Amino acid sequence: MPSQSAVVITGANGEIGHALIERLTEHSRDAVIAMDLRDLDASMARRCAQVVVGDVTDAATFERVGEQFDVRAVYHLAAMLSTSSEKQPERAQSVNVDGTLRALTFAMSRSARRGERVSFLFPSSIAAYGVPSLDEKRRAGAVDESQFNTPTTMYGVNKLYGEHLGRYYARHYRQLAQEPNPPGIDFRSIRFPGIISAFTVPSGGTSDYLPEMLHAAAQSKDYACFVRADTRIPFMAMPDAVDALLGLAAADASKLSSVVYNVTAFNPSPEEFSRFVLRAFPKASVSYAPHAKRQGIVDTWPEQLDDSLARKDWSWSPKYSLERMIEEYLLPNVRKRYA
Ligand code: SER
């Protein structure tokens, strides 16, 4: 009988993965099992009970998770982001969809073994939305989970399907089977806005322009922003993103009226964000060189998310306003990082 309570984090080497490993290993008794295509940095690996290096599209990768672990939860973070996915849509389908199917199947089999449901946390994205025009984007303002579910990117299509797949596995799996199903999974997902970390620079996303601007400025570099100065989509600070995942994971199931929740914090344009950044790093500069196609993608993402359902069902609320994030989280940490 497996004895050590554990959580599995796929995509552990990504930005959210690193932040989540730190938080879980400091504040939880669960052993952390990290899974990624690439080996973890030694400082991260030290925190984990097991590191599985492998591809999430391969069932054998999941089979390597130690039998001694009672897997209580899976944080399935492994994904190709929106810009990378447009370069290789078929590979994106494989990582973002087949990988999710593998992770769900793994969680299902572990639920049978433990005789209880396995929590499954799935980061979805603002990319699940596809607003048809800039006019409509401005008119719509903050959108709720049910609006504009017509994504234009492969990543958005994959994430929206991942939400549906999770709902199916949690509520309707093999609904016609005669023999009893395993206890199954408790699937919960969050549609994240762009996320800004003081410690890591994202890659392969289309919301990367604000974090790229910050990290370039902190090194006194020039930054050519790949979207227009007045572009507007929502963002949040990395510690709030991790809080959201852990908050939703801990929520009382009887309070949850949905499997998909928006979360958000603020939505500065690059121009507005650059004012804070350039005040802090006066030797830096920001110019605008919009990439028409990446701009086109961001223009289909809402200018704000309505997260009232998350606020109501599981008391979600971000700690960081834009000003507080910059003063208390970003500036002190990036100054140290690039000192
Ligand atoms: N950060 C993601 C991307 O740009 C959006 O969820 O792809």
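The values are calculated or read from the model by the stated rules, or taken from the named source; none is laboratory data. Keep in mind the model is a prediction, meaning the values are calculated, not measured. With ideal geometry, Cβ positions are generated from the backbone for all residues, glycine too; neighbour counts draw on all protein chains shown. The protein model used for the area step is the full one, side chains on, heavy atoms only, and it has no ligands, DNA or RNA in it. Shrake-Rupley method; radii C 1.70, N 1.55, O 1.52, S 1.80 Å.
The residues of segment 129-158 that are open to solvent by less than 10 Å² (accessible area, probe 1.4 Å) and of a type in the set (A, V, I, L, M, F, W, C), listed by number, are 131, 143. Sub-7 Å Cβ pairs linking a first residue in segment 311-328 that is within 16 Å of residue 191 (Cβ to Cβ) and touching a residue at least 40 places away in the same chain (Cβ under 8 Å) to a second residue that is surrounded by fewer than 18 Cβ atoms within 10 Å (Cβ to Cβ) and among the polar types (S, T, N, Q), at least 6 apart or interchain, are 313/257, ordered by first then second residue. Is there a residue in segment 162-176 that is within 16 Å of the ligand (Cβ to nearest atom), open to solvent by 20 Å² or more (accessible area, probe 1.4 Å) and among the hydrophobic types (A, V, I, L, M, F, W, C)? Looking through segment 162-176, none of the residues is within 16 Å of the ligand (Cβ to nearest atom), open to solvent by 20 Å² or more (accessible area, probe 1.4 Å) and among the hydrophobic types (A, V, I, L, M, F, W, C). When segment 236-260 is limited to residues that are in contact with a Ser or Thr (Cβ under 7 Å, 6 or more places away or on another chain) and within 28 Å of residue 134 (Cα to Cα), the one that is surrounded by the most Cβ atoms within 10 Å (Cβ to Cβ) turns out to be 236. Looking only at segment 178-199, residues that are crowded, with 20+ Cβ neighbours inside 10 Å, in a loop (DSSP other than H, G, I, E, B) and of a type in the set (S, T, N, Q) come to 1 in all. Among all residues of segment 81-90, there is at least one that is of a type in the set (A, V, I, L, M, F, W, C) and within 16 Å of the ligand (Cβ to nearest atom).
Determine, yes or no, whether residue 19 is over 21 Å from residue 163 (Cα atoms) and open to solvent by 40 Å² or more (accessible area, probe 1.4 Å). It would help to see each step written out before you state the result.
Working: over 21 Å from residue 163 (Cα atoms): yes; open to solvent by 40 Å² or more (accessible area, probe 1.4 Å): no.
So residue 19 fails the test.
Of all residues assigned to segment 312-335, at least one qualifies as being open to solvent by less than 40 Å² (accessible area, probe 1.4 Å), at pLDDT 95 or above and among the polar types (S, T, N, Q). Tell me, please, whether a residue that is basic (Lys, Arg) and in contact with a helix residue (DSSP H, G or I) (Cβ under 6 Å, 6 or more places away or on another chain) can be found in segment 28-43. Scanning segment 28-43, I find no residue that is basic (Lys, Arg) and in contact with a helix residue (DSSP H, G or I) (Cβ under 6 Å, 6 or more places away or on another chain), so the answer is no.
Could you tell me whether segment 45-66 includes any residue that is modelled with pLDDT under 95 and either farther than 20 Å from residue 95 by Cβ or in contact with an Asp or Glu (Cβ under 7 Å, 6 or more places away or on another chain) (or both)?
Filtering segment 45-66 down to residues modelled with pLDDT under 95 leaves none.
Checked against the condition, which is being modelled with pLDDT under 95 and either farther than 20 Å from residue 95 by Cβ or in contact with an Asp or Glu (Cβ under 7 Å, 6 or more places away or on another chain) (or both), segment 45-66 yields no hits at all.
Right, residue 126: touching a helix residue (DSSP H, G or I) at 6+ places or on another chain (Cβ under 6 Å) and surrounded by 22 or more Cβ atoms within 10 Å (Cβ to Cβ) or not? No: the conditions fail for residue 126.
Within segment 218-242, track down each residue that is part of a loop (DSSP other than H, G, I, E, B) and within 13 Å of the ligand (Cβ to nearest atom). Result: 226, 227, 231, 233, 234.
Pick from 189, 124, 197, 133: which is at negative phi and near the ligand (Cβ under 10 Å from one of its atoms)? Steps first, please.
Numbers: 189 fails: near the ligand (Cβ under 10 Å from one of its atoms); 197 fails: near the ligand (Cβ under 10 Å from one of its atoms); 133 fails: near the ligand (Cβ under 10 Å from one of its atoms).
Exactly one of 189, 124, 197, 133 is at negative phi and near the ligand (Cβ under 10 Å from one of its atoms), namely 124.
Starting from residues that are in a loop (DSSP other than H, G, I, E, B) and more than 8 Å from the ligand (Cβ to nearest atom), keep the ones in segment 200-217 and report whichever is least open to solvent (accessible area, probe 1.4 Å).
Narrowing segment 200-217 to residues in a loop (DSSP other than H, G, I, E, B): 200-208.
Pick out the ones that are also more than 8 Å from the ligand (Cβ to nearest atom) and you get 200-201, 203.
Details: 200: 35, 201: 68, 203: 94 Å².
The residue in question is 200.
Among residues of segment 283-303 that are modelled with pLDDT under 95, none has a beta-carbon under 8 Å from a residue that is of a type in the set (S, T, N, Q) and in a loop (DSSP other than H, G, I, E, B) at least six positions away or on a different chain. For segment 284-325, the candidate set comprises residues that are within 16 Å of the ligand (Cβ to nearest atom) and in a helix (DSSP H, G or I); within that set, the residue that is farthest from residue 192 (Cα to Cα) is 293.
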